[in-house]
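Colleague: Below is the structure I would like to discuss, written out as structure tokens.
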Amino acid sequence: MFWGHGPEQPYLQSLASRLACIDHIHFEGFVSDPRDYLSKADLFVLPSHGEAFGLSLAEAREAGCAVIGTNVGGIPEGLENGRSGILVPAKDPVELARVLVELFGNKSLLGLWRKRASSNLS
């Protein structure tokens, strides 16, 4: 599921169509209160190229999602420099994909990162 609107949305929708996976991806648009969605998610990804501070990271962590974020702006601080979430380089889709495949292929590892994300929230 993709939330929000942005300049890349038409490209992502077109790509999903070309890759024949559009039926498995939902483009939700703007969500004012994501808690219901987050409570049902295993993983939250914030692949920003720049981010002052991702409030969405705190919301995802509070909901118990494992978190992947890019190593830019305030994201490392929001993920305790990698202790409560996985940091990947910005603009590196290959590394992001590698981490996604690793987490979804290893439920124990995914569970570990969900637990780590939920700790030290105060």
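The values are calculated or read from the model by the stated rules, or taken from the named source; none is laboratory data. As the structure is a prediction and not an experimental result, all values here were calculated from the model. Quick reminder, even Gly has a Cβ in these numbers, built from the backbone with ideal geometry, and neighbours come from all protein chains shown. Surface areas here come from the heavy atoms of the whole protein model, side chains and all, with no ligands, DNA or RNA. Shrake-Rupley method; radii C 1.70, N 1.55, O 1.52, S 1.80 Å.
Colleague: Give the residue that is nearest to Leu55 (Cα to Cα), with candidates limited to residues of the stretch 10-32 that are in a loop (DSSP other than H, G, I, E, B) and open to solvent by less than 70 Å² (accessible area, probe 1.4 Å). Steps first, answer last, please.
Modeller: Residues of the stretch 10-32 in a loop (DSSP other than H, G, I, E, B): 19-21, 25-26, 30-32.
Pick out the ones that are also open to solvent by less than 70 Å² (accessible area, probe 1.4 Å) and you get 21, 25, 31.
Details: Cys21: 29, Ile25: 24, Val31: 13 Å.
Selected residue: Val31.
Colleague: Go through the stretch 78-122 and give me each residue that's touching a residue at least 12 places away in the same chain (Cβ under 8 Å) and polar (S, T, N, Q).
Modeller: Passing the criteria: Ser84, Ser118, Ser119, Asn120.
Colleague: Moving on to the next point. I need the full set of residues from the stretch 34-86 which are polar (S, T, N, Q) and either touching a helix residue (DSSP H, G or I) at 6+ places or on another chain (Cβ under 6 Å) or over 17 Å from Ser119 (Cβ atoms) (or both), in order please. Working first, answer last.
Modeller: Restricting attention to the stretch 34-86, the residues satisfying the condition of being polar (S, T, N, Q) are 39, 48, 56, 70-71, 81, 84.
Residues satisfying the conditions are Ser39, Ser48, Ser56, Thr70, Asn71, Ser84.
Colleague: Next question. Within the set of pairs 6 or more residues apart or between chains, which connect a residue that is basic (Lys, Arg) inside the stretch 55-77 to a residue that is part of a helix (DSSP H, G or I) and surrounded by 15 or more Cβ atoms within 10 Å (Cβ to Cβ) with Cβ atoms less than 9 Å apart?
Modeller: Hits for this filter: Arg61/Gly78; Arg61/Ala117; Arg61/Ser118.
Colleague: Among the residues of the stretch 54-86, what is the count of those that are part of a helix (DSSP H, G or I) and over 15 Å from Leu103 (Cβ atoms)? Even if it seems obvious, please write down each step before you answer.
Modeller: Taking the stretch 54-86 and keeping what is part of a helix (DSSP H, G or I), we get 55-63, 75-78, 80-82.
Within this subset, residues satisfying the condition of being over 15 Å from Leu103 (Cβ atoms) are 55-59, 61-63, 75-78, 80-81.
Summing the residues that are part of a helix (DSSP H, G or I) and over 15 Å from Leu103 (Cβ atoms) in the stretch 54-86 gives 14.
Colleague: Out of the residues in the stretch 44-89 that are open to solvent by less than 30 Å² (accessible area, probe 1.4 Å) and among the polar types (S, T, N, Q), which is farthest from the chain's Cα centre (by Cα)?
Modeller: Residues of the stretch 44-89 open to solvent by less than 30 Å² (accessible area, probe 1.4 Å): 44, 46, 48, 54, 57, 60-61, 64-70, 72, 74-76, 78-79, 82, 84-86, 88.
Right, trim to among the polar types (S, T, N, Q) and you get 48, 70, 84.
On the way: Ser48: 10, Thr70: 9, Ser84: 13 Å.
Top of the filtered list is Ser84.
Colleague: Checking the conditions here, which among Glu51, Glu102, Glu95 is assigned to a helix (DSSP H, G or I) and closer than 22 Å to Leu12 by Cα? If you could, list the steps in order and put the result at the bottom.
Modeller: Numbers: Glu51 fails: assigned to a helix (DSSP H, G or I); Glu102 fails: closer than 22 Å to Leu12 by Cα.
Of the residues listed, the single one that is assigned to a helix (DSSP H, G or I) and closer than 22 Å to Leu12 by Cα is Glu95.
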